[in-house]
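J.: Take this structure, written in structure tokens, and hold onto it; I'll ask about it next.
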Amino acid sequence: MAIWTQEKTFQLISLYEENSNLWDHKREDYHSREKKSQVISDIRSAMPRSTQENRPLLTGSDPDPDPDMEQARPQLPQSCDDQRSELEDEAEDSGLTASGILAMPDGVRNSGLYTGVALLPIISAICIHCMHMLVGCAHELKERLGVSGLDYADVGYNAFMTGPVPLRKLAPVARTVLNSFLTITQLGFCCVYVVFIAANVKQVIDCKLPGNGIDIHGYMGILILPLLAISMIRSLKVLAPFSLISNVFLGLGLAITFHYLLQDIPSSYDRPEFKSWKQLPLFLGTSIYAFEGIGVVLPLERKMTNPEDFRGCNGVLNTAMILVTCSYIAVGFFGYLKYGDAVHGSITLNIPPSDALAQLVKILMAVAIYLTYSLMLYVPAEIMWPHLSPRFHSARGKRLGEYAFRAFLVLITFVLAAAIPNIGLFISLVGAMSSSTLAIIFPPIIEIVTFWPRVSRLNMIKCFCIFVFGVVCFVTGTYASVEAIIEYFEHSDDPQPGLVC
């Protein structure tokens, strides 16, 4: 099979641009299948002989399809989001949703009761629209290139590769940046998981064995071996049942948690409507962390029996996200209403620690998050390991090297988690720094580059506004989170209220 060099790829893109009836929907012959087929045939003739062995990456129907050509059709480089297609729809819908929804009361604490309730649907709408933007760009690029199975990084790469000529050299950079932020985001989730598990287990054991003298760092140390063990599982088929069990535990835990939140609710007048401008960025970071699932939408659509049902006003994406948004608002509202400023980074830490049912909730949630830790670690491992694998020459060396690399990633998440053992601040930092970049900043850029020069002025203004909002969330959220973390360490020696069991 012939190799598509950069020179041949640029030549094909140039020919594609010259024949605007393949992509300009305003032309009368845009819908003419006969003319499109003729243009494709002419382009094939114009390409070097070696590339004619493969079917060109163009949309349009082939009047005489050749099965051999279909098998030899070149595939675009794949990044590790393809691995996400098998696991992220389960992992993020379980572990990420759980840590996000349980942190919503803490987020509302930073905004004020009614301010948070009013802003959550707005942030949700922006994140959902960005998901639709990414899906729309993927569809356009798949039609333009005649391929299927594009993931987030592929969409960014091919948007620049087929976009304005001056930006094409940035295509590899776009892929690298997207994969880098995917890696940072996933490792950030893993750090949150470590703190979450340690904090919940600590409350349960401290009530059963009071005065044991073990702080949260000690409990993190106890977790190292169990998390190392589950992180050594490389097979997604083996990990899939863990995700199913995790979903069951999370569902039970959330139901029982709501039972506690709806008891002895104080008046809403006891809670401030708006907190302060200084704390509002922390709320934005927590909210975006909870809603960040943009890397999942393309794999989910690809796995659907009827992908056309994914989009639309009452499509799967909108329906699912509306339900998720309602859940976030409910937990955030009632959690902060119930516990006020005493609310923790995970609402499970507020429910009565001495109650057997509450202890069951903490254990269920801790086990559920533990079972999804390896799924979250899988993506950064698959993104980075192929760059290190060539250094090992034997199959045994590669296998042992991958195990060592996975252990190294686990230890990194432990070091970072131990450095900031506060769930709420860690979630806000991850949400502001990495989740906002993937969920809000990149989609409008990709949409403009993908549809240039057909982008309308109104669409350009919309993309610019979303981009500015994402940058504001990134800058202010990161600054506020770092400032809050510094303040947290400055007061770390202050006496803390003891756990009452």
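The values are calculated or read from the model by the stated rules, or taken from the named source; none is laboratory data. It should be emphasised that the depicted structure is a prediction, and the values quoted were computed from it without experimental measurement. All Cβ positions, glycine included, derive from the backbone under ideal geometry; neighbour counts span all protein chains shown. We work out accessible area using only protein heavy atoms, side chains counted, and drop any ligands, DNA or RNA first. Shrake-Rupley method; radii C 1.70, N 1.55, O 1.52, S 1.80 Å.
J.: Would it be correct to say that residue 142 is open to solvent by 10 Å² or more (accessible area, probe 1.4 Å), over 23 Å from the mean Cα position of the chain (by Cα) and among the basic types (Lys, Arg)?
T.: Criteria not met by residue 142.
J.: Residues in the stretch 150-167: is at least one at pLDDT below 90, in contact with a Phe, Trp or Tyr (Cβ under 8 Å, 6 or more places away or on another chain), open to solvent by 10 Å² or more (accessible area, probe 1.4 Å) and part of a helix (DSSP H, G or I)?
T.: Checked against the condition, which is being at pLDDT below 90, in contact with a Phe, Trp or Tyr (Cβ under 8 Å, 6 or more places away or on another chain), open to solvent by 10 Å² or more (accessible area, probe 1.4 Å) and part of a helix (DSSP H, G or I), the stretch 150-167 yields no hits at all.
J.: Considering the stretch 351-363 alone, what residues qualify as being among the polar types (S, T, N, Q) and surrounded by fewer than 20 Cβ atoms within 10 Å (Cβ to Cβ)?
T.: 354 - this is the single residue of the stretch 351-363 that is among the polar types (S, T, N, Q) and surrounded by fewer than 20 Cβ atoms within 10 Å (Cβ to Cβ).
J.: Another question, if that's okay. With respect to residue 335, determine if the residue is surrounded by 19 or more Cβ atoms within 10 Å (Cβ to Cβ) and touching a Gly at 6+ places or on another chain (Cβ under 9 Å).
T.: Considered against the rule, which asks whether it is surrounded by 19 or more Cβ atoms within 10 Å (Cβ to Cβ) and touching a Gly at 6+ places or on another chain (Cβ under 9 Å), residue 335 comes out as no.
J.: Let me ask you something else. Is it true that residue 31 is open to solvent by 70 Å² or more (accessible area, probe 1.4 Å), over 34 Å from the mean Cα position of the chain (by Cα) and modelled with pLDDT under 70?
T.: Considered against the rule, which asks whether it is open to solvent by 70 Å² or more (accessible area, probe 1.4 Å), over 34 Å from the mean Cα position of the chain (by Cα) and modelled with pLDDT under 70, residue 31 comes out as yes.
J.: Select, from 205, 256, 197, 233, the only residue that is out of contact with any strand residue (DSSP E or B) (no Cβ under 6 Å at 6 or more places or on another chain), open to solvent by 50 Å² or more (accessible area, probe 1.4 Å) and not basic (Lys, Arg).
T.: 205
J.: Among what's in the stretch 439-489 and is under 19 Å from residue 144 (Cβ atoms), in contact with a Cys (Cβ under 9 Å, 6 or more places away or on another chain) and without any contact (Cβ under 8 Å) to a residue 40 or more places away in the chain, pick the residue that is surrounded by the most Cβ atoms within 10 Å (Cβ to Cβ).
T.: Only one residue fits best here, namely 448.
J.: Next up: It is to be established whether one or more residues within the stretch 261-268 are part of a helix (DSSP H, G or I), surrounded by fewer than 20 Cβ atoms within 10 Å (Cβ to Cβ), over 21 Å from the mean Cα position of the chain (by Cα) and free of Cβ contacts under 8 Å to residues at least 40 places away in the same chain.
T.: No, the stretch 261-268 has no match at all.
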